[in-house]
Each structure stands twice: as C-alpha cells, then as structure tokens.
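Worksheet for the structure shown next.
Each value in this text was obtained by applying a stated rule to the coordinates, not by laboratory testing. As the structure is a prediction and not an experimental result, all values here were calculated from the model. Cβ sites come from the backbone with ideal geometry, for glycine too, and all protein chains shown count toward neighbours.
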Amino acid sequence: MATYLEFEKKIEQIQKDIDSAKARDDKYALESFEEALDKEVTKTFSALSDYQKLQLARHPDRPYALDYIRLMMSDAYEIHGDRAFRDDPAILCYIGYIDGQKTLLIGEQKGRGTKHKLKRNFGMPNPEGYRKALRAVKLAEKFNIPVLMLIDTPGAYPGLGAEERGQSEAIAKNLFEFTNVKVPMISVVIGEGGSGGALAIGVADKLAMMRYSVFAVISPEGCAAILWNDPKKVEQASSALKITPDDLLSHGLIDDILDEPLIGAHRDKKLAAQIVKSYFLEKVAELKELSTEEMLEQRYERLTSVGAFSEGEDSL
C-alpha cells in the first residue's frame with residue numbers, strides 16, 4: 001500500500017478513483033481520472049513549502065541506499081567491518097559494476113519496519129561505520145575504483161558508546177582523508193542529509209542532491225527546540241535553515257540538483273535509480289579526463305570555497 005502525506009490527500013483520492021475505474025474496466029472514466037491526476041500532481045508539487053519537501057525527504061516509501069544498490073549494481077559484493085571494532089549496518093559498502101564501470105558504493109541505510117530500523121540504527125552510523133567507509137575508500141583507491149556515496153541520515157549516532165569510541169574523531173578523519181583520495185568521488189544526497197553524519201561521506205569531487213532531499217546542520221525539530229523552545233515551529237525552522245537543494249545551490253554549497261520524478265522518487269524508484277546512475281557515470285567520465293593532480297586541485301578549490309566571502313569597502 002502506498003503511503004500518502006497530508007498534502008497528497010487529493011492525489012490519493014484520485015488514485016483510488018483510477019483503481020476503481022480499472023476494476024470496472026471503465027475506459028472513459030479512467031482517461032478522465034488520469035488527466036485529473038496529472039493536473040493535481042502538477043498543481044501540488046509545483047508549489048511545495050520547505051517543510052513539505054522535508055516530509056518528502058523522509059517519506060517512508062522513498063528509496064534507500066540498498067534500493068539503489070539493487071537497481072543499479074551488478075555483481076555487487078558487500079564489504080564488512082572497520083577492522084577495529086565491529087561492522088556497522090547503518091553504513092553499507094559494496095563493490096560491483098554500474099553499467100560496466102567498476103564502482104565502490106557507500107550508502108547510509110535507514111531500514112524499513114521495526115526489525116530493520118533497529119538493525120540499521122535508524123540510519124544513524126556509529127564511528128565504526130565511518131571507519132568502515134574510510135577503509136573501503138582506501139581499498140578503492142588502491143585498485144583505482146571510482147566511489148559513489150549516497151547520503152541519507154538524520155545524523156551520526158549521539159549515544160554514549162559512540163562518543164566513547166571517538167565519533168567526532170571518526171567523522172573528522174574522513175573529512176581529512178577524503179580530500180586526498182586519488183580516485184573520482186561523487187556524493188549524492190538521496191533523502192535526509194543531517195549534520196556531521198552526512199558530511200562524513202560528503203567530501204567529494206561532486207556533491208549533488210535529489211530534488212526532494214534536504215541537507216542541514218541540524219534537524220528542523222532540533223532548531224525549533226533550541227531557538228524557540230517550541231517544537232511546533234518546525235515549519236518556520238525548515239524555512240529559516242535553507243535546507244532545500246535550490247537554497248544550497250544558490251549559495252554554492254552543492255554542485256547539481258538531480259531532477260527526480262515530479263511526484264517523488266518513492267513513486268518511481270527505477271527512474272530515480274536511473275537518474276542517479278546517469279549522473280554518476282557522466283561525472284566519472286568528466287573526472288577521468290583530468291590528471292590526478294588536476295582532479296585533486298579542483299576538489300581542494302571546491303571544498304575551500306565553501307563559506308568564502310569578500311569584504312566590502314565599509315567593512316572594518
């Protein structure tokens with residue numbers, strides 16, 4: 001059963017009418033309802049608020065990293081463990097082929113259903129997850145394999161054990177080490193990009209976001225609680241944080257927006273996977289035209305330009 005959000009109720013009703021028309025084999029009504037559906041989808045999704053985009057980024061039916069792996073990769077082989085503590089199921093590392101291109105794919109996995117959400121820790125990695133990702137990237141560098149990273153996490157796990165095992169150090173080391181990895185690195189926010197949990201696999205030559213994804217230093221709920229001490233102001237926080245792809249692209253914080261299906265990636269997972277695959281292969285081909293030195297210099301310039309500003313004449 002498809003899950004519909006509050007602002008999609010009219011779409012849900014029309015879809016029920018379509019299903020009913022199909023069951024009756026009423027071709028005239030079916031054509032009319034399908035036309036009405038197209039109009040309602042265009043009307044609804046062309047005027048989404050930032051909070052509604054946040055809801056879509058968290059949609060329970062939205063494709064997760066494992067969905068993309070299954071739809072994009074062939075001969076996929078999973079890499080386990082950080083060789084220091086344990087394996088972290090919240091981060092997946094697979095080596096395989098994407099349309100013949102040997103690839104290392106790293107993704108954050110939230111999990112569906114209570115059992116899998118608990119197994120994946122709701123997509124919140126522990127430090128061993130980030131260390132596993134670094135180990136896998138170093139392996140890819142050794143064998144000259146491009147890296148694709150799929151970001152989808154509410155944030156790094158803030159538990160006591162994670163802090164004791166060096167959560168902040170693990171994230172910081174990835175930020176440092178990834179800047180000098182000598183293979184093409186592409187990162188895509190496929191859902192929710194939260195704080196350091198997203199940054200730890202976000203250092204790349206190209207950083208893109210799906211149309212209905214978000215990227216923020218803190219969750220809107222956390223922001224509302226801190227600034228206004230009122231969780232009901234989450235919609236106001238969503239707007240103030242500037243977490244949507246359009247906002248981040250305008251500030252030069254990301255490189256591209258991937259135009260997922262208008263009604264959302266969760267309604268057409270195969271098309272969403274095709275869009276991510278095409279983007280990855282296109283950018284890898286571009287980066288392969290550069291020498292290693294040119295690629296690393298370009299990556300360095302991209303990362304150091306974040307937060308840059310120029311002082312005006314009236315500045316002190």
Say each of S32 and S250 gets a label point 7 Å from the Cα, pointing the same way as Cα to Cβ; how far apart are those two points in nm?
4.2
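Could you grab the relative contact order for region 53-304? Cα pairs under 8 Å, six or more apart, rounded to a whole percent. Each step should come with its number before you reach the end.
On the way: 512 pairs, mean separation 46.0, N = 252.
Relative contact order here is 18 percent.
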For 5-17, 274-286, 203-215, ranked highest to lowest by mean beta-carbon neighbours within 10 Å, the order is 203-215, 274-286, 5-17
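State which entries of K110/K242; K10/K269; K22/K117; K132/K206; K43/K115 exceed 26 angstrom in Cα-Cα distance in the structure shown.
Details: K110/K242 24 Å; K10/K269 22 Å; K22/K117 36 Å; K132/K206 21 Å; K43/K115 37 Å.
Table pairs above 26 Å Cα-Cα are K22/K117; K43/K115.
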Computed ³J(HN,Hα) along region 273-286: with the Karplus parameters 6.51/-1.76/1.60, θ = phi - 60°, integer Hz and x for glycine or proline, the list is 5, 5, 5, 5, 4, 5, 5, 4, 5, 5, 6, 5, 4, 5
From phi via Karplus (6.51, -1.76, 1.60), per-residue ³J(HN,Hα) for region 170-187 in Hz, x at Gly/Pro:
5, 5, 4, 5, 4, 4, 6, 5, 5, 5, 10, 6, 8, 9, x, 10, 10, 10
Pairs of Cα atoms under 8 Å, at least six residues apart: use those to get the relative contact order of region 6-47, whole percent.
47
Under unit Cβ charges (Lys, Arg +1; Asp, Glu -1), what dipole magnitude, rounded to 20 debye, does region 53-304 have relative to its Cα centre?
860
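Suppose R0 equals 25 Å; then what is the FRET efficiency for R24 and T3 from their Cβ-Cβ distance, rounded to the nearest 0.05?
Here the calculated transfer efficiency is 0.50.
Calculate the dipole size of region 1-96 relative to its Cα centre from +1 charges on Lys and Arg beta carbons and -1 charges on Asp and Glu beta carbons; express the result in debye to the nearest 20.
Working: 14 positive and 20 negative charges, 40 e Å.
Once rounded to the nearest 20, the dipole reads 180 debye.
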Rounded to the nearest 5, what is the percent of antiparallel bridges among the DSSP beta bridges in the chain?
35
Roughly speaking, what is the centre-to-centre gap between region 171-214 and region 256-270 when only Cα atoms are used, to the nearest Å?
20
